[in-house]
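**Student:** Starting off with a structure, shown below.
Laboratory data are not the source of any read-out in this text; all were calculated from the coordinates shown. Worth saying up front: this structure is predicted, and the values here are computed from it rather than measured. No Cβ is skipped: glycine too gets one built from the backbone with ideal geometry, and neighbour counts run over all protein chains shown.
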Amino acid sequence: MLDLSGFGWQLLAGAAVTLEVAFLSLAFGVALGIAGAAAKLSPLAWIRVPATLLTNLVRGVPEFLLLLIVYFSLPDILSGLLGTDVSIGPLAGGVLALSVVFGAYASETFRGGFAAVPKGQIEAARAFGMPRARIFVRIHLPQAWRYALPGISNLWQTLLKDTSLVSVLGLEEIMRKADIAAQVTKRPFDFYVAAALIYLAFVLLSGPAFAWAERRANRGLARAA
Amino acid sequence: MAFLDGVADAASRQFPAFLSGLGITIELLAVSTAVGLALAVPIALARLSTNPLLSVPATAYAYLFRGTPLLVQIFIIYYGLPQFDVVRTSAVWPLLRDPLPCALIAFSLNMAAYTGEVVRGGILAVPAGEREAASAVGMNRALALRRVILPRAFRIALPALSNEVVLQLKATSLASTVTLIDLTGVGRRLAAKTYTAEGLYVAGAVYIVLTFAIARGFRLLEARLDGARTR
């Protein structure tokens, strides 16, 4: 079987960093996705058109390349804007790039979710005199969330796997830890397979978690089938 | 616009490098898509089989490859397998010591796992009546599969396949992690040499053009296939 020669704890420490990157990117990515969906549905063309263009651009570029672009060009751009030297670490760079990718795809998912909310409910809320912001928070968002969850679940699994790319920036998550252990012990097969099994476990465990979230989001709802 | 000038400058000065990088990217995409699709059909049929000896391994294969990062898969094949003496003394060693075949193997197996699901969905979506009609005119199962079910499943799955090919294009960018100089590799090399991201922007622009070209190509193919049908 796999001989991890004392590096098992290192891999687990890496797994914690992987989860940190994944959860941070999920949080920012969902926020970006909702904002992006709202922008794409905006009646104002100067908001709608750039938002649509930007998400299409992000989705046309490999995640790995986008990660490199963010990591290598953002410090220059920020330094130029702020007038002082700015450096970003691999964690910040990785989370930023993965959030942007997640947000670009999630904006499509949420856009579908918002569009699926029946018009009558919005009209009813307006008839009650709810202000627009409250209609968004109380009617639009919880319903869109329900429709969007299956799509978000898929995006989350992709995100979990994409966190491995951040190892290229030197962040000590699962992959980087496996690289180090493989070099020290000369047993690359064992460590990369161990890393693969950890990712697989995370992906498989996400299934029930999202099933629970979907049940929760759909509670009180009559089912057709 | 000093920024765009810089990017245009990088593109024109390094044109031959980007052209050869584009060649490698397209080679990786074309070969892995062809092999992946060829494997996807038996995988889909095995997953749909009522025989557990076929369906269980095919399902496990789909979960293993879709549940782990592509980066790990490439590293297991390129860096991991040489750990064993058996591999290094075997007949396939000349292939496995070279990064290009390793990347092609990883990309193809990965593509097969994803498109296997797409083809399976396509087969399930073929109306039962067409299957029955095929057997009513006396086709045996193999013939019905070849003449009716698979062509119909292919047409139904075509939009989803188009997405998979775009995703596969983006997946090939990982080739640069095993020292291959594909589009991303050219951008990375320039970034390391000049400490600027301009080469990466050029690579990004080429990927976007390729993405749109693939999407457009598939739409044309769909229109062509539908044109051959009588309404």
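**Student:** Helix A:141-162 against the longest principal axis of chain A: what's the angle in degrees, Cα atoms only, rounded to the nearest 10?
**Tutor:** 20
**Student:** Quick check of the Kirkwood formula: for segment A:83-146, what is the inverse mean of 1/r over all pairs of different Cα atoms, in Å?
**Tutor:** Value: 14.3 Å, from the Cα pair sum.
**Student:** Another question about this same structure. How many Cβ atoms of partner chains, on average, are near each residue of B:74-84 if near means within 10 Å of its Cβ?
**Tutor:** Mean shielding count: 5.
**Student:** So how far apart, in nm, are the two label points at residue A:85 and residue B:216 if each is 7 Å from Cα heading toward Cβ?
**Tutor:** 4.6
**Student:** Right, next: Name the residues of segment B:207-222 whose amide N is less than 20 Å from a point 7 angstrom out from the Cα of residue B:163 along the C-beta direction?
**Tutor:** Counting only backbone N, you get B:208, B:210-222.
**Student:** As a footprinting exposure proxy, order B:139, A:175 by other Cβ within 10 Å, with the fewest listed first.
**Tutor:** Numbers: B:139 17, A:175 28.
Final ranking by Cβ density, sparse to dense: B:139, A:175.
**Student:** Follow-up question, since we're still on this one. Where the centroid of each part is defined by its Cα atoms, how far is segment B:1-58 from segment A:58-137 in Å?
**Tutor:** Each part's Cα centre sits 27 Å from the other's.
**Student:** Classify segment A:23-113 as rounded, prolate or oblate from the Cα gyration tensor: take a ≥ b ≥ c as the square roots of its eigenvalues, call it rounded if a/c is under 1.5, otherwise prolate when a/b beats b/c and oblate if not.
**Tutor:** It is prolate, given that a/c is not under 1.5 and a/b is the larger ratio.
**Student:** Be a star and scan segment A:185-224 for residues whose amide nitrogen sits under 11 Å from the point 7 Å along the Cα-to-Cβ vector of residue A:9.
**Tutor:** Flagged as within label range: none.
**Student:** Counting only other residues whose beta carbon sits under 12 Å from that of residue B:29, what net charge do I get with K and R as +1, D and E as -1?
**Tutor:** Working: positive: B:170; negative: B:27, B:164, B:182.
Local charge sum for residue B:29: -2.
**Student:** Output wanted: per-residue J couplings in Hz (rounded whole) for segment B:174-181, from phi through Karplus 6.51 cos²θ - 1.76 cosθ + 1.60, θ = phi - 60°, x for Gly and Pro.
**Tutor:** 6, 4, 5, 6, 10, 6, 7, 9
**Student:** What's the average, rounded to a whole number, of partner chain beta-carbon atoms within 10 Å of each residue's beta-carbon in B:181-191?
**Tutor:** Working: counts 0, 0, 2, 5, 0, 0, 4, 5, 0, 0, 5.
Average per residue, whole number: 2.
**Student:** Tell me which residues come under 5 Å, amide H to amide H, from residue A:86 once H is placed; ignore anything under 5 positions away on its chain.
**Tutor:** It is A:79, by chain and number.
**Student:** What average count of beta carbons from other chains do you get within 10 Å of the Cβ of residues in A:189-202?
**Tutor:** 5
**Student:** Quick check: net charge around residue B:48, other residues with Cβ under 14 Å of its Cβ, Lys/Arg +1 and Asp/Glu -1?
**Tutor:** +3
**Student:** Shifting gears a bit: For chain A, take the longest principal axis of its alpha carbons; what is the angle in degrees between that and the long axis of helix A:90-116, to the nearest 10 within 0 to 90?
**Tutor:** Approximately 30 degrees, to the nearest 10.
**Student:** Per-residue HN-Hα couplings for segment B:49-59, Karplus 6.51 cos²θ - 1.76 cosθ + 1.60 at θ = phi - 60°, whole Hz, x for Gly and Pro?
**Tutor:** 5, 7, 7, x, 5, 9, 6, 5, x, 5, 5
**Student:** Here is a further query. How large is the helix-only mean residue ellipticity at 222 nm for chain B, computed as the sum of -39500 (n - 2.57) over DSSP H runs with n ≥ 4, divided by its residue count, in deg cm²/dmol to the nearest 500?
**Tutor:** Helix-only estimate at 222 nm: -25500 deg cm²/dmol.
**Student:** Among rounded, prolate and oblate, which fits chain A when a ≥ b ≥ c are the square roots of the eigenvalues of its C-alpha gyration tensor, a/c under 1.5 means rounded, and a/b larger than b/c means prolate?
**Tutor:** oblate
**Student:** Taking θ as phi - 60°, what are the ³J(HN,Hα) couplings along segment B:103-114 by the Karplus curve (6.51, -1.76, 1.60), each to the nearest whole Hz, with x for Gly and Pro?
**Tutor:** For segment B:103-114, the Karplus-derived couplings read 5, 4, 5, 4, 5, 5, 4, 5, 4, 4, 5, 6 Hz, x marking Gly and Pro.
**Student:** Moving on. Taking Cα pairs under 8 Å and at least six residues apart, what relative contact order does chain A come out at, in percent?
**Tutor:** Across chain A, relative contact order equals 28 percent.
**Student:** Can you pull the one-decimal nm distance between simple spin-label points at residue B:87 and residue B:54, each 7 Å off the Cα toward Cβ?
**Tutor:** Between residue B:87 and residue B:54, the simple spin-label model gives 3.1 nm.
**Student:** What is the helix-to-structure angle for B:198-227, meaning the angle in degrees between its Cα long axis and the longest Cα principal axis of chain B, kept from 0 to 90 and rounded to the nearest 10?
**Tutor:** Helix B:198-227 sits at roughly 20 degrees to that axis.
**Student:** Starting from the Cα gyration tensor of segment B:28-67, take the square roots of the eigenvalues, sort them a ≥ b ≥ c, and report rounded, prolate or oblate (rounded when a/c is under 1.5, otherwise prolate if a/b is larger than b/c, else oblate).
**Tutor:** oblate
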